[in-house]
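The values are calculated or read from the model by the stated rules, or taken from the named source; none is laboratory data. Model, not experiment: these values are computed from the prediction. Don't worry about glycine lacking a Cβ; one is built from the backbone with ideal geometry, like all the others, and counts go over all protein chains shown. Just the protein is used for accessible areas: all its heavy atoms, side chains included, with ligands, DNA and RNA removed. Shrake-Rupley method; radii C 1.70, N 1.55, O 1.52, S 1.80 Å.
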Amino acid sequence: METIVELCKRRGIIFQSSEIYGGLRGAWDFGPLGVALKENVRDAWKTAMFQLRDDVVPIEASILMHPKVWEASGHVGGFTDPLVDCRNCQSRYREDQLPTNKSGEIYCPNCGQAGTFTEAREFNLMFRTFVGPSEDTAAQVWMRPETAQGMFVDFAHVQLTSRKKVPFGIGQIGRSFRNEITPRNFIFRVREFEQMEMEFFCKPGTDEAWHDYWIRQRYDWYTALGMDPANLRIRPHAEDELSHYSKGTVDLEYRFPMGWGELEGIANRGDFDLTQHAEHSGKDLSYFDQAAGERYIPYVIEPAAGVDRTVLAFMVDAYAEEEAPAAKGGTETRTVLRFHPDLAPVKVAVLPLSKKDTLTPTARRVNDLLKPHFRGVDYDESGQIGRRYRRQDEVGTPFCVTVDFETVEDDDAVTVRDRDTMDQDRVPIENLVAYLDDRFAAARA
Ligand code: GAP
């Protein structure tokens, strides 16, 4: 993990928030390449969820919602973690995350003392704030801890106006906030993060088949984007692990550097949420199924993923160090992020062999040619060409296009270098876009 954190910092992908003030724990900023990577993860999710399907529609709900939403959802009463303090060194922990020693007692990871903890206090994870000028309970609202509730409270409106028939889904990507007691493991557990969630409304009795279907769909999404199946597993929750709303949950877990951890949860929420919101709002949230001639409260299957965790998992999965030929003979260690082309923040780098004026106009022409076709074209003319290749490898750029003296003086062709094999092809500039399109298509297949 240290290696990934260091790489992210060095290349401005992800770094500590408010760093000039010493940073804020559990808060991270995404720099230019991190923004592109995150955007690519979102795009891939939106393509799979919305673009390629007819039965899932998007919404964008607001972060601040009516406070009753969180009473109905169970978050005001139950979204808590057990908080304990070590009496010896005053460190604060989530009780259920503390390690145990050989005699089975929990101990403090900071000072090593066992049996010195305060009684556990239930701590609500929702951030609260106030709407308007007065800071009293009537003005209190919550920063949403999940995006899911937007889909439940908007269900009837979206169903009616989009004219979708059950089974269908509503999804959104957006920020969620949780006042985690122990944010840790880089962007794995943070206080402000982004979720990609979809609520799939189906007829009761068909829910288990849809649950299986969505587990498979989501598993395949990760592997189609290049994730190694050896690092991805499906883990059903035990009965005592289930959330209050769940009839059954399966986690997709990734083998992170610190061990297996939840990447995405796929829950069968039954009719819990729509029933709760119908009761608390007094609005009828049942659905009349014309084909079956019956009215029911739909059941819900929910694939719920985190953008940040997904970014981390893909980065860990893509990371490789290997021995490669060095410019001065012998070998050197090459760091490479073997991103799937759809995820790579830079798709193509344009590298004039030298900074000489004779090369610049042609290199710029190639750059301008590529920009409208590929999101993520990087122009880099500073430093030795070998160093520039290494820089691009390190951020996972699939192709480097080099403009040299032959290009200008002789063949109007460029050299295209493949990130993974380091093989080079000579390609006429007039064929370059088509050539790269073919190579990207082949890498996706
Ligand atoms: N609506 C259901 C729900 O929110 P969850 O398992 O609590 O379920 C879903 O969250 C996903 O959101 C997780 O699998 C994870 O990827 C992401 N997530 C949750 N808490 C997070 C945190 N503190 N930091 C980063 N990602 C988080």
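Values as computed for the structure displayed
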{"quantity": "Residue tally, condition surrounded by 13 or more Cβ atoms within 10 Å (Cβ to Cβ) and not basic (Lys, Arg), over the range 368-385", "calculated": "11"}
{"quantity": "The range 138-173: number of residues that are of a type outside the set (D, E, K, R), open to solvent by 10 Å² or more (accessible area, probe 1.4 Å), within 16 Å of the ligand (Cβ to nearest atom) and more than 16 Å from PHE79 (Cβ to Cβ)", "calculated": "2"}
{"quantity": "Single residue of the range 299-310 satisfying the filter (more than 10 Å from the ligand (Cβ to nearest atom) and among the hydrophobic types (A, V, I, L, M, F, W, C)) that is nearest to the chain's Cα centre (by Cα)", "calculated": "ILE301"}
{"quantity": "Residues that are touching a strand residue (DSSP E or B) at 6+ places or on another chain (Cβ under 9 Å) and on the phi > 0 side of the Ramachandran plot, drawn from the range 261-313", "calculated": "GLY270"}
{"quantity": "Count of residues meeting criterion [open to solvent by less than 50 Å² (accessible area, probe 1.4 Å) and assigned to a strand (DSSP E or B)] in the range 18-47", "calculated": "1"}
{"quantity": "Residues satisfying the stated conditions in the range 225-254, i.e. more than 12 Å from the ligand (Cβ to nearest atom), touching a residue at least 60 places away in the same chain (Cβ under 8 Å) and open to solvent by 20 Å² or more (accessible area, probe 1.4 Å)", "calculated": "GLY226, ASP228, ASN231"}
{"quantity": "Unmet requirement for TYR296, which otherwise passes all of (1) open to solvent by 60 Å² or more (accessible area, probe 1.4 Å); (2) outside the structural domain of VAL401 (by TED's automatic domain parsing); (3) out of contact with any helix residue (DSSP H, G or I) (no Cβ under 8 Å at 6 or more places or on another chain)", "calculated": "(1)"}
{"quantity": "Positions within the range 114-156 being free of Cβ contacts under 8 Å to residues at least 40 places away in the same chain, among the β-branched types (Val, Ile, Thr) and in a loop (DSSP other than H, G, I, E, B), in sequence order", "calculated": "THR116, THR118"}
{"quantity": "Residue match in the range 275-290 (condition: in contact (Cβ under 8 Å) with a residue 12 or more places away in the chain and either outside the structural domain of LYS164 (by TED's automatic domain parsing) or within 16 Å of the ligand (Cβ to nearest atom) (or both))", "calculated": "yes"}
{"quantity": "Options PHE50, PHE15: the member that is part of a strand (DSSP E or B) and surrounded by 14 or more Cβ atoms within 10 Å (Cβ to Cβ)", "calculated": "PHE15"}
{"quantity": "The listed residue being over 14 Å from GLU302 (Cα atoms) and within 18 Å of the chain's Cα centre (by Cα), out of GLY265, GLY261", "calculated": "GLY261"}
{"quantity": "Boolean, ALA344 is open to solvent by less than 10 Å² (accessible area, probe 1.4 Å), away from the ligand (no atom under 16 Å from the Cβ), small (Gly, Ala, Ser) and modelled with pLDDT under 95", "calculated": "no"}
{"quantity": "Complete set of residues in the range 187-214 that are outside any strand (DSSP E or B), more than 10 Å from the ligand (Cβ to nearest atom) and crowded, with 19+ Cβ neighbours inside 10 Å", "calculated": "ASP207, TRP210, HIS211, TRP214"}
{"quantity": "In the range 400-438, residue surrounded by the fewest Cβ atoms within 10 Å (Cβ to Cβ) [restricted to those that are among the polar types (S, T, N, Q) and either in a strand (DSSP E or B) or not assigned by TED's automatic domain parsing to the domain that holds SER382 (or both)]", "calculated": "GLN424"}
{"quantity": "So ALA36, is it at pLDDT 95 or above and out of contact with any Gly (no Cβ under 7 Å at 6 or more places or on another chain)", "calculated": "no"}
{"quantity": "The range 315-340 - residue that is farther than 17 Å from PRO32 by Cα and open to solvent by less than 10 Å² (accessible area, probe 1.4 Å) and, of those, nearest to the ligand (Cβ to nearest atom)", "calculated": "ALA318"}
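Residues are listed down the side, and each one gets a yes or a no for (1) under 16 Å from VAL56 (Cα atoms); (2) touching a Lys or Arg at 6+ places or on another chain (Cβ under 7 Å); (3) among the small types (Gly, Ala, Ser):
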residue	(1), (2), (3)
PHE201	yes, no, no
ALA209	no, no, yes
TYR213	yes, no, no
ARG218	yes, no, no
THR223	no, no, no
